[in-house]
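K.L.:
My questions will all concern the structure given below.
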Amino acid sequence: MSIVEYIDEYGSLGNGEHIEEVAVSLAGRIMSKRASSSKLFFYDLHGGGAKVQVMADASKSGLDEDEFAKFHSTVKPMKPQDEPSAKGN
C-alpha cells in the first residue's frame, strides 16, 4: 500500500487511535528516527509526496527486547540528498 493510499484509508483516525486487527505494509523512505526509549521508536516515512509517522513498540513486535533494540539500532534515516536507484537488464 502506498503512503497516499494509507492516508486516504486511515487518515480519519484520531491521534492515538489505531486498529490492531489490521496489518498493512508500507513502502517509503525513512527520513527521521526518534527513540523514546529502547522499547519505543518513531519514524517519519515519506513517499508519493506524503508522510506518516510509524510507531515501533517492542511490546507489540513479537521480538524480545534485546532483538527489538538491536534491529532498530541498525535502521538509519535517509539523508535528503540520498537518491536510491537500480540499474539492470
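Every read-out reported here was derived from the displayed coordinates using simple, explicitly stated rules and does not represent laboratory data. What you see is a predicted model; the values in this text were computed from it and never measured. Neighbour counts run over all protein chains shown; Cβ positions are idealised from the backbone, glycine included.
K.L.:
Kindly provide the set of residues from region 21-64 that are more than 13 Å from the chain's Cα centre (by Cα) and basic (Lys, Arg), ordered by number.
P.N.:
Listed by number, the residues that qualify are Lys39, Lys60.
K.L.:
Which residues, taken from region 25-52, are among the small types (Gly, Ala, Ser), out of contact with any helix residue (DSSP H, G or I) (no Cβ under 6 Å at 6 or more places or on another chain) and on the phi < 0 side of the Ramachandran plot?
P.N.:
Ser25, Ala27, Ser32, Ala35, Ser36, Ser37
K.L.:
A further question follows. Going through region 21-50 one residue at a time, which ones are touching a residue at least 12 places away in the same chain (Cβ under 8 Å) and either acidic (Asp, Glu) or assigned to a loop (DSSP other than H, G, I, E, B) (or both)?
P.N.:
Correct list: Val24, Ser25, Leu26, Ala27, Gly28, Ser38, Lys39, Asp44, Gly48, Gly49.
K.L.:
Give me the residue from region 24-40 that is over 12 Å from Gln53 (Cβ atoms) and touching a Gly at 6+ places or on another chain (Cβ under 7 Å) and, out of that set, surrounded by the most Cβ atoms within 10 Å (Cβ to Cβ).
P.N.:
Arg29
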